[in-house]
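S.K.: Before we start, here is the structure in question, set down as structure tokens.
The values are calculated or read from the model by the stated rules, or taken from the named source; none is laboratory data. These figures come from a predicted structure and were not determined experimentally. Neighbour counts are summed over all protein chains in view; Cβ atoms, including those assigned to glycine, are modelled from backbone coordinates with ideal geometry. Accessible surface is based on the protein model in full, side chains and every heavy atom, while ligands, DNA and RNA are left aside. Shrake-Rupley method; radii C 1.70, N 1.55, O 1.52, S 1.80 Å.
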Amino acid sequence: MEGKTGIKLAPSILSADFARLGEQVAEATRAGADYIHVDVMDGHFVPPITIGAPVVAALRRCTDVPLDVHLMVEAPEHQIGQFADAGANIITVHVEVCRHIHRTVRAIKELGARVGVALNPGTPVEALGEILSSVDLVLVMTVNPGFGGQAFIDSTLDKIARLRAELDARGLTAELSVDGGINSDVAPRVVKAGARVLVAGAAIFNSGETVEAALGRIRSSLRQAHAL
Ligand code: DX5
Ligand code: ZN
């Protein structure tokens, strides 16, 4: 395993081999993954249906790495309890589907999980204004949610930078995470813009190399770019 860079890497299991999910998560754990990112899709907020709470509970038994559960679901307030019970450490909800975001954020905390809020590419940073000081993580979608392996959207760099500036100006410590199209070419650019957690699916589980090598490639790109 290569040394840490100060930037957290969160392999997204969406691109893992689901027939050997436990092994793949164990590989990511051995390779020093900081979070295991779990993409939950309901077939409504986004077209696919993916993973439910029983899978999260099974993963909980495979790793001690924090499980970063990204809920791409309508009405997430009805789902958060089962994911907290399953062992999710971070539960992230989309602001676009939370009519009572303040209540949902508080409910996640009361369940004992860390709370994240996610923004689609078309949702402005300003949508978070009143809630930013209450969350542990902000997930900036750098593709439109729903599918792995899409191309990074360049215009999100400016959004990441604006969010970084707002967090810093207000002295807030929420983690700034980015999700979608992240690979060793894009990683230094998003870190330079202000991201501190990088979610990556295809670049880690679908790269034609081992999970360890793929994580190492992203870490090296950050070192080479001095984007530590
Ligand atoms: C997309 C998901 C992502 C996805 C990222 O809707 O939220 O977490 O797995 O996959 P890549 O890194 O392949 O774009
Ligand atoms: Zn995700």
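S.K.: Do any residues in the stretch 21-34 that are among the acidic types (Asp, Glu) have Cβ atoms under 6 Å from those of residues that are open to solvent by less than 20 Å² (accessible area, probe 1.4 Å) and not in a helix (DSSP H, G or I), where the two are at least six apart or on different chains, and which pairs are they?
M.R.: Correct list of pairs: ASP34/LEU9.
S.K.: Residues being near ligand 2 (Cβ under 10 Å from one of its atoms) and among the charged types (D, E, K, R): count how many of those fall in the stretch 134-154.
M.R.: 0
S.K.: Hey, another quick one. Might you let me know whether the stretch 17-35 holds any residue that is within 13 Å of ligand 2 (Cβ to nearest atom), open to solvent by less than 10 Å² (accessible area, probe 1.4 Å) and either small (Gly, Ala, Ser) or out of contact with any Lys or Arg (no Cβ under 8 Å at 6 or more places or on another chain) (or both)?
M.R.: no
S.K.: Do you know which of the residues in the stretch 193-228 that are open to solvent by 30 Å² or more (accessible area, probe 1.4 Å) and basic (Lys, Arg) is farthest from ILE131 (Cα to Cα)?
M.R.: ARG217
S.K.: What are the residues in the stretch 125-152 that are open to solvent by 50 Å² or more (accessible area, probe 1.4 Å), in contact (Cβ under 8 Å) with a residue 24 or more places away in the chain and outside any loop (DSSP other than H, G, I, E, B), if any?
M.R.: ALA127, SER133
S.K.: Right, something else. Output the residues belonging to the stretch 44-76 that are surrounded by fewer than 18 Cβ atoms within 10 Å (Cβ to Cβ), away from ligand 2 (no atom under 15 Å from the Cβ) and part of a helix (DSSP H, G or I).
M.R.: Those that are surrounded by fewer than 18 Cβ atoms within 10 Å (Cβ to Cβ), away from ligand 2 (no atom under 15 Å from the Cβ) and part of a helix (DSSP H, G or I): PRO54, ALA57, ALA58, ARG60.
S.K.: On the given criteria, is GLY122 more than 16 Å from ligand 2 (Cβ to nearest atom) and open to solvent by 30 Å² or more (accessible area, probe 1.4 Å)? Steps first, answer last, please.
M.R.: Values: more than 16 Å from ligand 2 (Cβ to nearest atom): yes; open to solvent by 30 Å² or more (accessible area, probe 1.4 Å): yes.
Yes, satisfied.
S.K.: Count, please, the residues in the stretch 77-103 that happen to be in a loop (DSSP other than H, G, I, E, B) and closer than 19 Å to ALA16 by Cβ. Break it down stepwise before answering.
M.R.: The first filter runs over the stretch 77-103 and keeps only residues in a loop (DSSP other than H, G, I, E, B), leaving 79, 87-89, 98-100.
This time we only want the ones that are closer than 19 Å to ALA16 by Cβ, so: 87-89.
Adding up the residues that qualify gives 3.
S.K.: Select from the stretch 193-228 the residues that are out of contact with any Pro (no Cβ under 9 Å at 6 or more places or on another chain) and in a strand (DSSP E or B) and write down the one among them that is farthest from THR142 (Cα to Cα).
M.R.: The qualifying residue farthest from THR142 (Cα to Cα) is VAL197.
S.K.: Please enumerate the residues belonging to the stretch 161-192 that are in a loop (DSSP other than H, G, I, E, B), open to solvent by 30 Å² or more (accessible area, probe 1.4 Å) and closer than 14 Å to LEU139 by Cα.
M.R.: The answer is THR173, and nothing else.
S.K.: Another question, if that's okay. Please go through the stretch 1-41 and give me each residue that is modelled with pLDDT under 95 and in contact with a Leu (Cβ under 6 Å, 6 or more places away or on another chain), ordered by number.
M.R.: Of the stretch 1-41, the ones modelled with pLDDT under 95 are 1-6.
Hits for the stretch 1-41 are THR5, GLY6.
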